[in-house]
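S.K.: Starting off with a structure, shown below.
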Amino acid sequence: MKKYLLLTFILTSYVTISFAQTDTTKKEPSPWKLTGVSSLNFVQSSFTNWSAGGNNSVAGTVAGKLNILYKKDKITWETNLELAYGLTFLEGEKRKNNDKIDFSSKFGYQAFKYWNYTGLLSFKSQFDKGYASYPVTDKNAYNSKFFAPAYLILSLGMDYQPIPDFSLLISPITAKFTFVYDDYLSGLKAFGVDENENLYAAWGAYVKSAYTKKLHENIVLGTVVELFSNLLDSPENVAINWELKFDFNITKFIKSNLYTQLMYDDRTKIYEGGKTFGAKVQFKQVLGVGFAYIF
């Protein structure tokens, strides 16, 4: 009997030690985190003998957003890619209703509580040609296209992040490059480049603030504000980019969103109807309802 008790004790001890070793040697959580969302919005309108008038139209938008986050010890590295493209077919004519390429990568090393030494790379452009007005009477009189414009920002500074949903990047050392790789648009001095030049470089200070807030169980607010001052040329003329987005979760796979963007840059002249106007406040608003998949 004693032999059986001794054997049972030895086996129980072995199993207990094995489980303890397993628990203490569990793999650490991965420092990498991948999240994203893809969506498809569709709108169709049709009119037959409609006394109030109207135009038959079909519109669709495809969008996607990817976030890759690496966080370990004092290092934080976050990369974001956001793409969107949409078309409206109105009485047989194709019109662009959304077009966006937005990539950013931010690397930070903790300096002290809530503050990181930070480097940022940001790139923005679009996929397709855009026109100032419709219907288009001259296909060659476009006012934008892929890489015309494109914006590249390289900055070094400090990033303040007291909570996960808010960050404030302050960069006194920033290079901002504006690319216009199109002879027609560069000949018009579009987007602030000199005539027949494809690149304009500016050196200055940059501030970027980003905030996300869950207003309700099914409503999420996100906003980004970017300010840039060219310290070598009219530093008082601050370029502004403000993006605001509301995401509404109707069901698990049906989402709605409202997106607005306000921009102002004193070097960006408005071109319309063969004429060039002075700098103006630019505003864009997109409202969409459709299918979305979150991962």
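S.K.: Can we say Asp159 is touching a strand residue (DSSP E or B) at 6+ places or on another chain (Cβ under 9 Å) and in contact (Cβ under 8 Å) with a residue 40 or more places away in the chain?
M.R.: Yes, satisfied.
S.K.: Does Thr118 satisfy the criteria of being part of a strand (DSSP E or B), hydroxyl-bearing (Ser, Thr, Tyr), over 14 Å from the mean Cα position of the chain (by Cα) and farther than 30 Å from Trp203 by Cα?
M.R.: no
S.K.: Continuing with this model, one more query. Which condition does Asn230 not pass, out of (1) at pLDDT below 95; (2) crowded, with 18+ Cβ neighbours inside 10 Å; (3) over 22 Å from the mean Cα position of the chain (by Cα); (4) not acidic (Asp, Glu), if it passes all the others?
M.R.: Of (1) at pLDDT below 95; (2) crowded, with 18+ Cβ neighbours inside 10 Å; (3) over 22 Å from the mean Cα position of the chain (by Cα); (4) not acidic (Asp, Glu), only one is false for Asn230: (1).
S.K.: Restricting to the stretch 163-185, what's the tally of residues that are small (Gly, Ala, Ser) and free of Cβ contacts under 8 Å to residues at least 24 places away in the same chain? It would help to see each step written out before you state the result.
M.R.: If we filter the stretch 163-185 for residues that are small (Gly, Ala, Ser), which is where we start, we get 167, 171, 175.
If we keep only those that are free of Cβ contacts under 8 Å to residues at least 24 places away in the same chain as well, we get none.
The number of residues fulfilling the criteria is 0.
S.K.: Go through Tyr200, Tyr211, Tyr206 for me and flag whichever is surrounded by fewer than 17 Cβ atoms within 10 Å (Cβ to Cβ) and in contact with a strand residue (DSSP E or B) (Cβ under 9 Å, 6 or more places away or on another chain).
M.R.: Exactly one residue qualifies, and that residue is Tyr211.
S.K.: Looking at the stretch 69-104, which of its residues are under 19 Å from the mean Cα position of the chain (by Cα) and over 25 Å from Phe146 (Cα atoms)?
M.R.: Matches in the stretch 69-104: Leu69, Tyr70, Thr76, Trp77, Glu78.
S.K.: With under 17 Å from Leu287 (Cβ atoms), of a type in the set (Phe, Trp, Tyr) and at pLDDT 90 or above as the only criterion, which of Tyr85, Tyr70 stands out? It would help to see each step written out before you state the result.
M.R.: Values: Tyr70 fails: under 17 Å from Leu287 (Cβ atoms).
None of the other options fit; the residue is Tyr85.
S.K.: Take the residues of the stretch 121-156 that are aromatic (Phe, Trp, Tyr) and more than 23 Å from Ala202 (Cβ to Cβ): which is modelled with the lowest pLDDT? Walk me through it before giving the result.
M.R.: Of the residues in the stretch 121-156, the ones aromatic (Phe, Trp, Tyr) are 123, 127, 131, 134, 142, 146-147, 151.
Filter once more, keeping what is more than 23 Å from Ala202 (Cβ to Cβ): 127, 131, 134, 142.
Working: Phe127: 95, Tyr131: 87, Tyr134: 77, Tyr142: 89.
Ranking the qualifying residues of the stretch 121-156, first place goes to Tyr134.
S.K.: Could I ask something else about it? Just the residues that are of a type in the set (Asp, Glu) and buried (at least 16 other Cβ atoms within 10 Å of the Cβ), please, taken from the stretch 214-226.
M.R.: Across the stretch 214-226, the qualifying residue is only Glu226.
S.K.: I would also like to ask the following. May I ask you to list the residues in the stretch 249-268 that are buried (at least 16 other Cβ atoms within 10 Å of the Cβ) and of a type in the set (Phe, Trp, Tyr)?
M.R.: Matches in the stretch 249-268: Tyr259, Tyr264.
S.K.: Given the conditions (1) without any contact (Cβ under 8 Å) to a residue 40 or more places away in the chain; (2) among the basic types (Lys, Arg); (3) within 17 Å of Val289 (Cβ to Cβ); (4) assigned to a strand (DSSP E or B), report the number of the one that Lys214 does not fulfil.
M.R.: Just one mismatch for Lys214, condition (3).
The values are calculated or read from the model by the stated rules, or taken from the named source; none is laboratory data. Because the structure is predicted, anything quoted here is derived from the model rather than measured. Here the Cβ is made from the backbone with ideal geometry for all residues, glycine too, and neighbour counts use every protein chain on show.
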